[in-house]
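Here's the structure we're looking at; comments come further down.
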Amino acid sequence: MYRFNLGAALLLPALLLSTPAISSVLPLDNFVLLDQNGKAQELYYQADVKVLALVAHGSQCDSTTDSFRSLTTLQDKAAGQGARILLINSERATTRAALHKTALAQSVAAPILADNTQLISASLGLKSAGEAMLVDTSTWAVTWRGQLGDLSQAIDNQLAGKPALVSKSAGSGCAIDYEPVDTSITYTADVAPILQKNCAVCHTTGGIAPWAMTNYEMIKGFAPMIREVLRTKRMPPWHADPESGSFQHDRTLSRADVRTLISWAEAGSPRGEGADPLAETPVEYREWPLGKPDLIVDLPAFTLPATGVVDYQFPRVANPLDQPVWVRAATIVPGDRSAVHHILMGASEPGVPVVEGRENVFDNYIIGYAPGNESAEMPKGTGVYVQPGTEFLFQTHYTPYGKVTTDRSRVGLYFAKERPDNYLRNAVVINPTLSIPPNNEAFGVSAYIEFDKPATIFSLVPHAHYRGKASRFELLHTDGHRELVLSVPNYDFNWQRTYVFTTPLDVPAGSRLIHTTVYDNSARNLRNPDPNRTVPWGLQSHDEMLYGNVSYSWRDETSDKPIHDKGLADTYQWVGFLDHDMDGKLSWKELPQGMKKRLVQGFKMVDANNDGGLDAVELYEINKRQAHHQAHQQASAAR
């Protein structure tokens, strides 16, 4: 689906400009842009309609304002006919807020795609606001070019199989102010430094990328792919919306760097004079990027078959240390990168036995590995406490890939020299009750976790499987307003990023963190194993998850005075996926059937505050009483 034709890309603008009505039959190359609502819009994903209209948009062009206001009616008409309209705004300094404001002012309901690099608009040959083009989605060929005033008739003609309309409307829209393309760009002077700084750390011999950026010849051979993955936002592997928050280790390329790389590829990948920077000073693979570990933990070797589904493994490794430590950082090095889907690591808590079949890895969580998450450094002043006599606990997920192989993964741990100020805590926002209907391209599922004490949130990790399409986290403040704190509009299952806030979020008691994922369970999702299946929660990738990992600290807690009540924290997590109306309590209707049977005669008695529902504290008290009762019965039976 991600086809590329460099010759076509170079010839297309000239061919488009040579005729006012019928354009070239060359297929358009794919692209992904974010619209005014922060939603990712992919060209090739529009294949569900017969005809796609692309219209050059302008927010500061008075002569086309009335034309854009007429689009709402045209958009509704087009949708009823099996057509769709997308607007493309190529103003360099536009922002999401500005586009959203303009859409409201112009009464535009259609998506307005932000093309701030101007490269997509230029490749489409768009010259002025109000210019329109029609695309046949069966071939991705441009079939008509004209003005917005003739778009309705052009859509009618194409859907009816009539000859293309010759546009009669005068082009009165404001000319697009294109930034001139630098024709002096070369590999040695411009491209190689960008790749060395941003890409070669993964694209190196022994690195996690599938090919190494070793010299000019290698880069030139991959130039078409570099252009394609930048246009579709598959690379660099950083998928947070740049306008939804500020995060550490942001791998987003600058607007200038994207323009440089794509323009260089489209210009034929000129080498330039001088030595080859990548060949002269290669970026070397570092097994331990944080330096020599204080302790290396070897996971038990595991042999997996060539095919089939391998159950999750839960190995344990005895802690060899004879003194307590605070873990400040960790790195996981998978033994076989092709086989290891993910590894989670924790430590058993002092005095808490490891229960067979229960994932204690989350009780005292240290690190999780997936491609893109190899190392973790704890926020300053925090750490994970590990006591002698405990065990290191793991959850490992393996994926067979055609041959029998044995994995020998390792973990490097780094210890704090001094006791940190506070514990690093970990929680997961989940919804194991999810059920995604078949052939649904945008099915949203949500859950939340409430912080009953003042907390500081350091990082977030959204996780779904093959059907994950977009993900976001919102903070529901105590005054009722929602704040978007992370949006991943183009979720990629192949990359599991930890998004660490540049400035940690301080949240007051009573705040709720809402996690939502949108799933694409349709045939248009090329990764979807079976679009005709109702998809449940499950560990394996053919099932699905709503899983949002949160690292935080309690602001009133210190490393020598813990206040964490794990049982209560787990109850808040439990309420967060059962509370469908998100009012902070479980009504009788929302209670699981098993609990209804237990409370059929006593619901009002346990509703201590008489608000018509059970909140996390009330539920926790019920569970504590039940646990105490069971313990008393067991003790009596033993006597």
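Derivation of every value follows stated rules applied to the coordinates shown; laboratory data play no part. Everything numeric in this text was worked out from a predicted model, so none of it was measured. Quick reminder, even Gly has a Cβ in these numbers, built from the backbone with ideal geometry, and neighbours come from all protein chains shown.
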Long pairs among Lys566/Lys597; Lys566/Lys624; Lys77/Lys162; Lys597/Lys624, criterion Cα-Cα beyond 22 Å:
Lys566/Lys597
Calculated from backbone phi, Karplus (6.51, -1.76, 1.60) coupling profile of region 456-461 in Hz, x at Gly/Pro:
10, 8, 9, 8, 9, 9
Linear extension gain, Tyr312 paired with Leu159, 0.36 nm per residue minus alpha-carbon span:
50.0 nm
Report the relative contact order of the chain, percent, no decimals, based on alpha-carbon pairs under 8 angstrom and at least 6 residues apart.
11 percent
Taking a cut-off of 13 Å between Cα atoms, list the aspartates and glutamates near Lys197, but don't count ones fewer than 8 places away on the same chain.
Asp250, Asp257, Glu284
Here, region 123-214 modelled as identical Cα point scatterers in vacuum has Debye log10 I(q)/I(0) at q = 0.17, 0.21, 0.25 Å⁻¹ of -0.79, -0.99, -1.22
Taking the square root of 5 times each eigenvalue of the Cα gyration tensor, what semi-axes in Å does the equivalent ellipsoid of region 535-639 have, largest first?
25, 22, 18
How high is the relative contact order of region 6-159, in percent, counting Cα pairs under 8 Å that sit 6 or more residues apart?
34 percent
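Please go through the residue pairs Lys292/Lys417; Lys39/Lys469; Lys380/Lys469; Lys561/Lys585 and name each one whose alpha carbons sit more than 22 Å apart in this structure.
With Cα atoms farther than 22 Å apart: Lys380/Lys469; Lys561/Lys585.
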Convex hull projection area averaged over all views, region 325-454, Cα basis, nm²:
11.6 nm²
Using the Karplus curve 6.51 cos²θ - 1.76 cosθ + 1.60 with θ = phi - 60°, work out ³J(HN,Hα) for each residue of region 189-206 in order, rounded to whole Hz, and write x for Gly and Pro.
8, 10, 7, 4, x, 5, 5, 4, 6, 10, 10, 5, 4, 9, 7, 9, 4, x
State the extension gain, in nm to one decimal, for the chain segment bounded by His249 and Lys589, taking 0.36 nm per residue of separation less the distance between their alpha-carbons.
118.0 nm
Classify region 125-177 as rounded, prolate or oblate from the Cα gyration tensor: take a ≥ b ≥ c as the square roots of its eigenvalues, call it rounded if a/c is under 1.5, otherwise prolate when a/b beats b/c and oblate if not.
oblate
Between Ala109 and Ala637, what is the label-to-label distance in nm when each label sits 7 Å out along the Cα-to-Cβ direction?
6.3 nm
When only C-alpha pairs under 8 Å and at least 6 residues apart count, what is the relative contact order of region 551-622, in percent?
31 percent
Sort 611-620, 512-521 by packing, meaning the average of other beta carbons within 10 Å per residue, with the highest value first.
512-521, 611-620
Roughly how far apart, in whole Å, are the Cα centres of region 67-140 and region 262-307?
39 Å
Would you calculate, for the chain, the mean residue ellipticity at 222 nm contributed by helices, counting each DSSP H stretch of 4 or more residues as -39,500 (n - 2.57) and dividing by all residues, to the nearest 500?
-6000 deg cm²/dmol
Please report the equivalent ellipsoid semi-axes of region 526-587, computed as sqrt(5 x eigenvalue) of the Cα gyration tensor, largest first, in whole Å.
34, 17, 9
Taking only the alpha-carbon positions of region 187-280 as identical scatterers, the Debye log10 I(q)/I(0) at q = 0.11, 0.25 Å⁻¹ comes out as -0.31, -1.49
Using a simple spin-label model with points 7 Å from Cα along the Cα→Cβ vector, what separation in nm is obtained for His542 and Gln81?
4.3 nm
For region 502-512, Karplus-derived ³J(HN,Hα) couplings (6.51, -1.76, 1.60; θ = phi - 60°; whole Hz; x for glycine and proline) come out as 4, 10, x, 8, 8, 10, x, 4, x, 6, 10
What would the Debye formula give as log10 I(q)/I(0) at q = 0.13, 0.17 Å⁻¹ for the alpha-carbon point model of region 6-159, no solvent?
-0.53, -0.95
Once amide H atoms are built 1.01 Å from N in the peptide plane, which residues 5 or more positions from Tyr547, or in another chain, come under 5 Å H to H?
His463
Evaluate 2.2 N^0.38 Å with N set to the residue count of the chain, then give the Cα radius of gyration divided by it.
1.09
Amide H neighbours of Leu295 under 5 Å, at least 5 residues apart or on other chains, H built in the peptide plane: list them.
Leu413
For Lys453, enumerate residues with amide H under 5 Å from its amide H, sequence gap 5+ or separate chain, H modeled in the peptide plane.
Gly510
Using 0.36 nm per residue, how much length does the chain from Glu377 to Ala301 gain when fully extended, once their Cα-Cα distance is taken away?
24.7 nm
Where labels lie 7 Å past Cα in the beta-carbon direction, separation of Val166 and Val404 in nm
7.3 nm
Taking each pair of distinct Cα atoms in region 425-578 once, what is the resulting Kirkwood hydrodynamic radius in Å?
16.1 Å
